[in-house]
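Below: one structure, written as structure tokens.
The values are calculated or read from the model by the stated rules, or taken from the named source; none is laboratory data. No experiment lies behind these values; they were computed from the predicted model shown. Counting neighbours? That spans all protein chains shown, and the Cβs are built from the backbone with ideal geometry, glycine included. Accessible surface areas use protein heavy atoms only, side chains included; no ligands, DNA or RNA. Shrake-Rupley method; radii C 1.70, N 1.55, O 1.52, S 1.80 Å.
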Amino acid sequence: MSDTFKKMDAGLMNMTNQRVILKLIKRHGVISRSEMANITGLTPPSIKRIVDELIDIDLVEDIGVGSSSGGRPSLLVKFKNENNYIIGIDLGATYIRGCLVDLNAKFISEVQVPTEIENGYDSIIEKVIQLIQKLSSRKGEGSKIWGVGIGVAGLVNNKTEILESSPDFGWYHTNLRKELKNKIDLPFYYDNSTRLMALSELSFNNKKNISNFAVINVGYGIASGLVIDGRLVYGESGFAGELGHICVEPNSKVKCKCGMYGCLEALASGNRIASIAKKELENYDSAILKKLCRNNPNEITAEIVGIAAKQGDILSIKIYTDIAEYLCRGIGIIANLLNPEAIYIGGGISLNGDFFFDLVKKNMSNFLLAPNSNLKILPSSFGEQATSIGAVALILKKVMNLEL
């Protein structure tokens, strides 16, 4: 073997060992060098060299000598969580949410601003930049921000990083990296917002040990993030999970933004809930709904319809009952195709709590094969923060793999 290949092999082996040791230290929080040697089989000199390299990049720190049972005292090292931060951004159609967290995903600061889609692309991009700058300014003296993760509603090509389509925003073939690279002085990566919701469950909800599940984001639109055998599903180009564009009503005359008819998103999204209520309010004497929208149908949102339904408004209850049935058809397709253990539902519509989930569970059995009857229907573990936490996980994964 040539010296070139030997050097390449040695470099690759060292990087692999660095990743193993870094993840081991993070998992334990505090661990001795001797314990690391016993667990990994690496020699003490190798452990010392790797730990020193990780100290140099500020991800690990020595914390002194541990207790001894008679032999040489153990030298303890600690994952350096303090003063190491990540920014996570949820670029949604209604709000842009951002968080500054440490490497254990502990929240340091949060910011939320209205997206105001009507003001156009440049305005939205400027808001994202300002939000990142505001969060960056809140880090402590001498601390480091490792990167920015961004979740965006739309089809993100994971090969080209082009946002191919985002009907919610009206963006097509958009190169966000080109737009942001000269305006954000930090490493940044972005992905589909719902896939990042799934990544948040996969990365930070390990207590349930569920490795086959889907996350359905029911908000302004509808999408899903899929996890099979503990791995995110991307598909050929990163477009897997577009549940909102599965046809659930072949004879529907409701046209989706994608151009097709009968899509789940067109029939059961937050946008659809609001539009039905605005239209039907002319034909129903709905005192509760009229009061909540101050007699102005243009102010009706899915949130208002949900509040009215929980207050007993007949029209609003009917609207939510109908969209729950459509949603169950979509869930049934995922369940019968992939046989997941659980479906997590997030997004604005899920914030209606038990009222919404009771409707879903009531209808669900009509669309499941018997072997899938034990399917768990659960609320997203992180509520409105699910995408921003997933965006944090996107960067944390790169930190732990020493890719930043």
Kindly provide the set of residues from segment 97-118 that are in a loop (DSSP other than H, G, I, E, B) and within 15 Å of Phe79 (Cβ to Cβ), ordered by number. Leu103, Asn104, Ala105, Lys106
The helices (runs of 4 or more DSSP H) lying wholly within segment 306-404 that contain at least 2 residues that are touching a residue at least 60 places away in the same chain (Cβ under 8 Å) are 314-338, 386-400
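Which of the residues that make up segment 184-225 are of a type in the set (D, E, K, R) and either at pLDDT 95 or above or assigned to a helix (DSSP H, G or I) (or both)?
Hits for segment 184-225 are Asp191, Arg195, Glu201, Lys207, Lys208.
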Among the residues of segment 130-146, which ones are closer than 29 Å to Val233 by Cα and surrounded by fewer than 23 Cβ atoms within 10 Å (Cβ to Cβ)? Ile145, Trp146
Filter result for the condition that a residue is of a type in the set (S, T, N, Q) and open to solvent by less than 10 Å² (accessible area, probe 1.4 Å), over Ser388, Ser350: Ser388
Condition first: within 20 Å of Ile349 (Cβ to Cβ), free of Cβ contacts under 8 Å to residues at least 60 places away in the same chain and either surrounded by fewer than 23 Cβ atoms within 10 Å (Cβ to Cβ) or of a type in the set (Phe, Trp, Tyr) (or both). Now tell me which residues in segment 224-246 satisfy that. His245
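Evaluate the following for Ile228: is it modelled with pLDDT of 95 or more, under 20 Å from the mean Cα position of the chain (by Cα) and β-branched (Val, Ile, Thr)?
Yes: the conditions hold for Ile228.
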Segment 24-61, residues that are free of Cβ contacts under 8 Å to residues at least 12 places away in the same chain, open to solvent by 50 Å² or more (accessible area, probe 1.4 Å) and farther than 23 Å from Leu404 by Cβ: Asn38, Gly41, Thr43, Pro44, Pro45
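If you go through segment 105-123 one residue at a time, do you hit one that is of a type in the set (D, E, K, R), closer than 27 Å to Arg19 by Cα and surrounded by 13 or more Cβ atoms within 10 Å (Cβ to Cβ)? Don't jump to the end; show me each part of the working.
Pass one, segment 105-123, residues of a type in the set (D, E, K, R): 106, 110, 116, 118, 122.
Now narrow it down to the ones that are closer than 27 Å to Arg19 by Cα: 106.
Add one more test, that the residue is surrounded by 13 or more Cβ atoms within 10 Å (Cβ to Cβ), and what stays is none.
No, segment 105-123 has no match at all.
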